[in-house]
Protein chains: 2
Amino acid sequence: MEQKIVEQVVARILAEMCGEGQTPPGIPVGVSNRHIHVSAEHLATLFGQGYSLTKEKDLKQIGEYAAKETVTLVGPKGIIAKVRILGPVRNFTQIEISRTDGFSLGIAPPLRDSGQIEGSAGIVVVGPMGAVTLRQGVICAARHIHMQAADAQRLKVADGERVTVKLAGPRGGTFDNVLIRVHPNFRLEFHIDTDEANATELKTGDIVSL
Amino acid sequence: MEQKIVEQVVARILAEMCGEGQTPPGIPVGVSNRHIHVSAEHLATLFGQGYSLTKEKDLKQIGEYAAKETVTLVGPKGIIAKVRILGPVRNFTQIEISRTDGFSLGIAPPLRDSGQIEGSAGIVVVGPMGAVTLRQGVICAARHIHMQAADAQRLKVADGERVTVKLAGPRGGTFDNVLIRVHPNFRLEFHIDTDEANATELKTGDIVSL
């Protein structure tokens with residue numbers, strides 16, 4: 001509720017500041033903490049046969065949610081507990097962590113777009129009913145902007161394009177190579193990881209521009 | 001030795017690529033991990049009366065060194081052990097941590113230039129012989145470039161100026177508000193913290209440009 005009001009106020013202020021569609025709208029930031037998308041097979045191993053995820057909170061992207069369930073990542077040099085599962089279940093398991101998390105765990109996941117897990121880093125995932133040894137699936141997610149076709153038209157960008165995002169503030173600058181992802185279920189949001197957020201003092205809900 | 005060869009090769013290649021002083025030289029990156037500069041008084045409390053620091057390794061900046069000694073930082077939400085002391089002893093104690101470290105400890109240090117600790121965050125520092133409760137002294141160090149007067153002339157910048165640095169690579173872009181610091185004891189080096197390094201995939205020795 002509060003979040004919705006904030007969004008509406010931000011949208012109104014931006015509309016006022018930008019005039020009637022004269023300049024492209026700002027893009028809200030969404031900071032992604034470390035998380036895991038699980039396959040049905042791995043969910044069964046980690047939580048037991050027939051187990052299904054419990055929704056805790058809807059995410060901004062339509063159909064996506066944070067589950068109540070968490071897992072533990074065990075790497076060669078360290079452990080990270082309480083890593084949130086994002087639902088719904090996917091075709092394959094993918095874990096998105098920051099470079100900092102990689103150092104803690106002792107693994108060096110490649111920088112990849114979501115879904116591109118071929119040859120990525122491995123890890124052991126532990127749940128309350130069992131463990132899965134992944135040979136690949138761990139990535140540092142490359143920053144990207146979710147949007148619908150109407151946003152893409154307004155922002156004059158296309159699905160798959162790489163753009164530069166301008167960041168304001170004392171730790172501002174620009175981020176190059178930001179992937180545009182267009183889909184009817186997407187809502188306008190610039191996804192960065194916690195390293196990118198902490199390095200630039202960006203927080204979820206901050207506004208950036210192309 | 002190996003590092004020196006790398007530096008020489010990099011310098012030679014850059015000189016070749018840039019021509020004879022046609023374009024400004026590249027600037028090597030130095031990633032600063034969390035560290036503490038201690039006052040003589042606090043050193044005595046932490047390590048005992050009459051204690052002096054033992055040099056472990058010279059830093060690139062002339063006269064600065066990493067000491068053998070480390071301390072433990074204790075915050076309201078977490079602890080970070082083995083935080084390196086950098087010598088020599090200073091007039092006041094200053095602790096430089098990343099935003100990520102701040103979250104681990106449960107404190108929110110302001111982004112500041114080195115030396116500007118008025119009203120910064122507090123922390124408890126623990127050594128083998130005692131503890132110090134700092135009311136202020138913890139900062140997130142604002143990124144900056146150390147250089148000598150000759151470098152400043154070549155790069156056409158002045159002490160105290162804020163410049164924009166260009167970062168290459170898949171996580172490239174620009175960093176605004178980079179402070180220029182000119183001093184005879186400085187050697188050309190772009191200092192960033194571990195959050196900035198991890199967010200951009202920069203490592204010590206990488207080359208950036210203005």
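The values are calculated or read from the model by the stated rules, or taken from the named source; none is laboratory data. Please read all numbers here as calculations on a predicted model, not as lab measurements. Every residue, glycine among them, receives a Cβ derived from its backbone with ideal geometry; neighbour counts consider all protein chains shown. Keep in mind that these areas ignore ligands, DNA and RNA; they rest on the heavy atoms of the full protein, side chains included. Shrake-Rupley method; radii C 1.70, N 1.55, O 1.52, S 1.80 Å.
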Review point. Does B:ASP101 fit the bill of being under 21 Å from A:GLY169 (Cα atoms), surrounded by fewer than 18 Cβ atoms within 10 Å (Cβ to Cβ), touching a residue at least 60 places away in the same chain (Cβ under 8 Å) and within 14 Å of chain A (Cβ to nearest Cβ)?
Key: no
Review point. Do we have any residue at all in segment A:108-121 that's in contact with a Pro (Cβ under 7 Å, 6 or more places away or on another chain), at pLDDT 95 or above and within 16 Å of A:SER32 (Cα to Cα)?
Key: yes
Review point. Within segment A:129-185, can you find the residues that are of a type in the set (Gly, Ala, Ser) and in a loop (DSSP other than H, G, I, E, B)?
Key: A:ALA142, A:ALA158, A:GLY160, A:ALA168, A:GLY169, A:GLY172
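Mind listing just one residue for me: the one in segment B:140-156 that is buried (at least 17 other Cβ atoms within 10 Å of the Cβ) and away from chain A (no Cβ under 14 Å) and, of those, nearest to A:ASN177 (Cα to Cα)?
B:ILE145
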Point to revise | segment A:104-139, subset touching a helix residue (DSSP H, G or I) at 6+ places or on another chain (Cβ under 6 Å) and within 14 Å of chain B (Cβ to nearest Cβ), residue nearest to A:THR204 (Cα to Cα) | key: A:PRO109
Check your understanding: What number of residues in segment A:177-186 are more than 13 Å from the chain's Cα centre (by Cα) and either open to solvent by 30 Å² or more (accessible area, probe 1.4 Å) or modelled with pLDDT under 95 (or both)?
Key -> 5
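Somewhere in segment A:98-117, is a residue assigned to a loop (DSSP other than H, G, I, E, B) and over 19 Å from the mean Cα position of the chain (by Cα)?
Taking every residue of segment A:98-117 in turn, at least one turns out to be assigned to a loop (DSSP other than H, G, I, E, B) and over 19 Å from the mean Cα position of the chain (by Cα).
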Exercise for review: Can you work out which of the residues in segment A:187-196 that are assigned to a strand (DSSP E or B) and more than 11 Å from chain B (Cβ to nearest Cβ) is least open to solvent (accessible area, probe 1.4 Å)?
Suggested key: A:PHE190
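Got a sec? Which of B:ALA131, B:ALA150 is without any contact (Cβ under 8 Å) to a residue 24 or more places away in the chain, aliphatic (A, V, I, L, M) and farther than 28 Å from A:THR164 by Cβ?
Matching residue, one of B:ALA131, B:ALA150: B:ALA150.
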Check your understanding: Regarding B:PRO170, is this residue open to solvent by 20 Å² or more (accessible area, probe 1.4 Å) and either touching a helix residue (DSSP H, G or I) at 6+ places or on another chain (Cβ under 6 Å) or more than 14 Å from chain A (Cβ to nearest Cβ) (or both)?
Key -> no
Practice item. Would you mind stating whether B:ILE62 is surrounded by fewer than 14 Cβ atoms within 10 Å (Cβ to Cβ) and either farther than 30 Å from B:GLY160 by Cα or touching a Pro at 6+ places or on another chain (Cβ under 6 Å) (or both)? Key: no
Check your understanding: Does segment B:65-87 include one or more residues that are closer than 30 Å to B:GLN148 by Cβ and open to solvent by 70 Å² or more (accessible area, probe 1.4 Å)?
Key -> yes
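Quick one: how many residues across segment B:26-52 are outside any strand (DSSP E or B) and open to solvent by 30 Å² or more (accessible area, probe 1.4 Å)?
The total comes to 10.
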Review point. Does A:ASP159 satisfy being away from every other protein chain (no Cβ under 14 Å), open to solvent by 10 Å² or more (accessible area, probe 1.4 Å) and either more than 30 Å from B:ALA141 (Cα to Cα) or touching a strand residue (DSSP E or B) at 6+ places or on another chain (Cβ under 7 Å) (or both)?
Key: yes
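Matching residues to (1) of a type in the set (Val, Ile, Thr); (2) more than 21 Å from A:GLN61 (Cα to Cα):
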| position | (1), (2) |
| --- | --- |
| A:LEU155 | no, no |
| A:VAL163 | yes, no |
| A:GLY173 | no, yes |
| A:VAL178 | yes, no |
| A:PRO184 | no, no |
| A:ARG187 | no, no |
Check your understanding: Does B:ALA199 satisfy being of a type in the set (A, V, I, L, M), surrounded by 15 or more Cβ atoms within 10 Å (Cβ to Cβ), touching an Asp or Glu at 6+ places or on another chain (Cβ under 9 Å) and within 11 Å of chain A (Cβ to nearest Cβ)?
Key -> yes
